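First comes the structure, then the notes that go with it.
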Amino acid sequence: MSDSSTRDTQWPRFELFQQERPGKPHVNVGSVHAPDGEMALLNGRDVFVRRPECHNLWAVSARHILAKTAAELAAEEALPDELVPDEAAPQLYRIFQKTSQRRSMNYVTHVGDVEARTAVEALELAQERFDAANVFVWWIVPVAAILVSSEGDVESMFQPAQGKTYRQPQEYRTFTQMQEIKRTTPS
Amino acid sequence: MSEAAQLQQFEERIACGEKIEPGDWMPEKYRQQLIRMISQHAHSEIVGMLPEGAWITRAPNLRRKMVLLAKVQDEAGHGQYLYHAAETLGISREEMIDALLEGKAKYASVFNYPTLNWADNAIIGWLVDGAAIKNQTMLARCSYGPYSRAMVRICAEESFHMKQGKEMVIQYAQGTPMQRQMVQDALNRWWWPTLMMFGLPDSESYNSPQLIRWGIKTRTNDELRQEFVNELVPELLALGLTVPDPELCFDEESGNWIYGPIDWDEFWQVVKGNGPCNEERMTARRQAHEDGRWVREAMLAYAEKQEAGLAV
């Protein structure tokens, strides 16, 4: 592994969260590799927003994410103790959950925020404050680590996809075309 | 918990339709199978850009050009979704890319055939993407969460790929004698490589039983291949096209279109690197990788300087 990383870089990994419309929660759509957060937003647009709809994107370096599945939490009994520095200032953490086993193209969804000194503390608080009954996966992300696209980006980054209707399958009338051909072709 | 107990719990979770997510316990063999499948799949999307990409500058009109550009861009995106899914299993992107460029990793053999005329893009869209959708629709139900999600996303987009190809085939099949000849020629060359995409017959596919038990695959190669042939043949015939299989016939009893023997020797020749375009595809990939190296390095150096507060 170290051998290949000295020969090449594919850049660090960033996780992307997409908000379809104002008022809807951000959902994790997948990851891109990028040299920094700004490029992660641009790459994220190209990879995940070739089609509508998107109003806002968040990008966060994967190394800032605390991820735990329900099975992991059950097996670990208690979360690992952390060394919390005495003067650690509380900061805001975004809480994400996966609550369904249904087929989906998205993973965890933003459900709210908590203030805590560490990510583990944030997870413990989140388990108390949010509905934790049917949660299969938790993600805890410090707000300070999230790069957010701006309102001004909407027009240049996300709106062009709206006009590219030829990317949509419903643009093609092949089903009715074939029906018509079969109806008029003597078998 | 003992390994046997973990395995039992793992299989129970799959049996009741739960998704396995990154971080969950999984058998090493499950992890290895998925890394192999998903990375091969990712490489296929990336190499799959080449046969059609070659025609972007020669599209017959602006609409076809925009559609083809969008399709090839989607394939790049699909490669990204899939590399992401494979990374969650503990392999790095550098390792996967190196394996491809060093010729250690496989990709779909169908992309080692040349695109000789414009109608090849039409037939690839309908047949090759259509065959891929069969496989991907199955994999969208697979037990590993990240692979399943990538497939759901891909299937939604592949539907556009198939329809744009089918639209062209319909148009050319009803067009001028030259257009009909062009699309028939493309069909003649792509029919058999497309059927091979479903993989070896069930009788020789040793991986299948375990892949099915662990919910990675849920249907066999032959089942999917037969379903594909059954759907495609009546439509090709209705368009007045000829399927290049003299033994093809309809079996009243089973309702299946029975196809002639597939040339698995040819399949293995192409897998082993002796297909018409293996060399060309790998040369193009290596060239793109080398040409992009300075960009990757420069942008990383810039980002590192920014982070260290040294940039002006």
Quiz item: Taking the range B:160-219 on its own, how many of its residues are surrounded by 15 or more Cβ atoms within 10 Å (Cβ to Cβ), touching an Asp or Glu at 6+ places or on another chain (Cβ under 9 Å) and among the basic types (Lys, Arg)?
Solution: 4
Quiz prompt | Which numbered condition B:ARG141 misses (of (1) within 13 Å of another protein chain (Cβ to nearest Cβ); (2) surrounded by fewer than 24 Cβ atoms within 10 Å (Cβ to Cβ); (3) at pLDDT 95 or above) | solution = (3)
Quiz prompt | Which listed residue, of A:ALA70, A:ALA89, is over 16 Å from the mean Cα position of the chain (by Cα), within 10 Å of chain B (Cβ to nearest Cβ) and at pLDDT 85 or above | solution = A:ALA70
Quiz item: If you take the residues of the range A:24-54 that are part of a loop (DSSP other than H, G, I, E, B), more than 9 Å from chain B (Cβ to nearest Cβ) and modelled with pLDDT of 95 or more, which of them is surrounded by the most Cβ atoms within 10 Å (Cβ to Cβ)?
Solution: A:HIS26
Quiz item: If you take the residues of the range B:127-137 that are within 12 Å of another protein chain (Cβ to nearest Cβ) and either assigned to a loop (DSSP other than H, G, I, E, B) or not β-branched (Val, Ile, Thr) (or both), which of them is surrounded by the most Cβ atoms within 10 Å (Cβ to Cβ)?
Solution: B:ASP129
Quiz item: Any idea how many residues of the range A:55-67 are within 11 Å of chain B (Cβ to nearest Cβ) and basic (Lys, Arg)?
Solution: 0
Quiz item: Quick check: is even one residue across the range B:51-60 of a type in the set (Gly, Ala, Ser), within 30 Å of B:PHE198 (Cβ to Cβ) and more than 14 Å from chain A (Cβ to nearest Cβ)?
Solution: yes
Self-check item: Residues located in the range B:15-27, provided they are hydrophobic (A, V, I, L, M, F, W, C) and touching a strand residue (DSSP E or B) at 6+ places or on another chain (Cβ under 7 Å)
Solution: B:ILE20, B:MET26
Quiz item: Given the residues B:ALA70, B:ALA76, which is the only one that is at pLDDT 95 or above and either more than 13 Å from the chain's Cα centre (by Cα) or at positive phi (or both)?
Solution: B:ALA70
Quiz item: Applying the selection to the range B:221-258, what residues are β-branched (Val, Ile, Thr) and touching a Phe, Trp or Tyr at 6+ places or on another chain (Cβ under 9 Å)?
Solution: B:VAL229, B:VAL233, B:VAL243, B:ILE258
Exercise. Those residues that are more than 7 Å from every other protein chain (Cβ to nearest Cβ) and part of a helix (DSSP H, G or I), I need them from the range B:166-181; list them, please.
Key: B:MET168, B:VAL169, B:GLN171, B:TYR172, B:ALA173, B:PRO177, B:MET178, B:GLN179, B:ARG180, B:GLN181
Quiz item: Does B:TYR113 qualify as being within 11 Å of chain A (Cβ to nearest Cβ) and of a type in the set (Phe, Trp, Tyr)?
Solution: no
Practice problem: Working only within the range B:16-32, note down all residues that are surrounded by fewer than 20 Cβ atoms within 10 Å (Cβ to Cβ), away from chain A (no Cβ under 13 Å) and either part of a helix (DSSP H, G or I) or on the phi > 0 side of the Ramachandran plot (or both). | Solution: B:GLU28, B:LYS29, B:ARG31, B:GLN32
Quiz item: Based on what the data block shows, is B:ALA303 within 14 Å of chain A (Cβ to nearest Cβ), more than 24 Å from B:ALA54 (Cα to Cα) and either in contact with a Lys or Arg (Cβ under 9 Å, 6 or more places away or on another chain) or free of Cβ contacts under 8 Å to residues at least 60 places away in the same chain (or both)?
Solution: yes
Quiz item: Taking the range B:216-241 on its own, how many of its residues are touching a residue at least 40 places away in the same chain (Cβ under 8 Å) and either touching a strand residue (DSSP E or B) at 6+ places or on another chain (Cβ under 8 Å) or of a type in the set (A, V, I, L, M) (or both)?
Solution: 6
Self-check item: Evaluation of B:ILE124 against (1) within 14 Å of chain A (Cβ to nearest Cβ); (2) within 13 Å of the chain's Cα centre (by Cα) (one fails), failing number
Solution: (1)
Self-check item: Pair list, Cβ under 6 Å, 6 or more apart: the range B:182-206 residue β-branched (Val, Ile, Thr), other residue modelled with pLDDT of 95 or more
Solution: B:VAL183/B:ALA119; B:VAL183/B:VAL169; B:VAL183/B:TYR172; B:VAL183/B:ALA173; B:THR194/B:LEU127; B:THR194/B:VAL128; B:THR194/B:ALA131
Quiz item: Which residue, of B:PHE228, B:PHE198, is more than 14 Å from chain A (Cβ to nearest Cβ), of a type in the set (Phe, Trp, Tyr), outside any helix (DSSP H, G or I) and under 26 Å from A:PRO169 (Cα atoms)?
Solution: B:PHE198
Exercise. Could you look through the range B:243-261, keep only residues that are surrounded by 10 or more Cβ atoms within 10 Å (Cβ to Cβ) and in contact (Cβ under 8 Å) with a residue 24 or more places away in the chain, and pick out the one that is farthest from B:PRO193 (Cα to Cα)?
Key: B:ASN256
Practice problem: Under 6 Å between Cβ atoms, at least 6 apart or on separate chains: pull out the pairs that start in the range B:151-165 with a residue that is more than 7 Å from every other protein chain (Cβ to nearest Cβ) and of a type in the set (Asp, Glu) and end on any residue that is assigned to a helix (DSSP H, G or I) and surrounded by 23 or more Cβ atoms within 10 Å (Cβ to Cβ). | Solution: B:GLU158/B:ASP129
Exercise. Determine if the range B:75-96 includes at least one residue that is in contact (Cβ under 8 Å) with a residue 40 or more places away in the chain, within 12 Å of another protein chain (Cβ to nearest Cβ) and aromatic (Phe, Trp, Tyr).
Key: yes
Practice problem: Any residue in the range A:117-136 that's in contact (Cβ under 8 Å) with a residue 60 or more places away in the chain: show its pairings with residues that are part of a loop (DSSP other than H, G, I, E, B) at Cβ separation under 9 Å, as long as the two are six or more apart or on different chains. | Solution: A:VAL135/A:THR99; A:PHE136/A:THR99; A:PHE136/A:SER100; A:PHE136/A:GLN101; A:PHE136/B:GLU18; A:PHE136/B:LYS19; A:PHE136/B:GLU21
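The values are calculated or read from the model by the stated rules, or taken from the named source; none is laboratory data. Note that this is a predicted model, so its numbers are computed, not measured. Note that each Cβ is placed from the backbone with ideal geometry, even for glycine, and that neighbours are counted across all protein chains shown.
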